[in-house]
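In what follows, a structure is listed as structure tokens, so that the remarks can point back to it.
Values quoted throughout were computed directly from the atomic coordinates according to the rules given, and no laboratory measurement underlies them. Quick caveat: nothing in here was measured; it's all calculated off a predicted structure.
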């Protein structure tokens, strides 16, 4: 269910397809979200590769990586 991020998505938790919380949407700009990643959450290489994330604590999330946008934003499976 791809769609651009909106201001309503700000402060939502971001979780993996398995439901593990990886961070919170801090900001939304031009349909993309910036995620503050939980510092204690180790992401698998598969999830990092899917998202194109390196080791920064703040990362961009694009709608193509999202499965659902409900009370939380759930990533699609890698």
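Calculated mean residue ellipticity, 222 nm, the chain: -2000 deg cm²/dmol, from DSSP H runs (n ≥ 4) at -39500 (n - 2.57) each, averaged per residue and rounded to 500. Using a cutoff of 8 angstrom between alpha carbon atoms and counting only pairs six or more residues apart, the relative contact order for the chain works out to 35 percent. Annotation: the chain has a Kirkwood hydrodynamic radius of 12.1 angstrom, from the mean reciprocal C-alpha pair distance.
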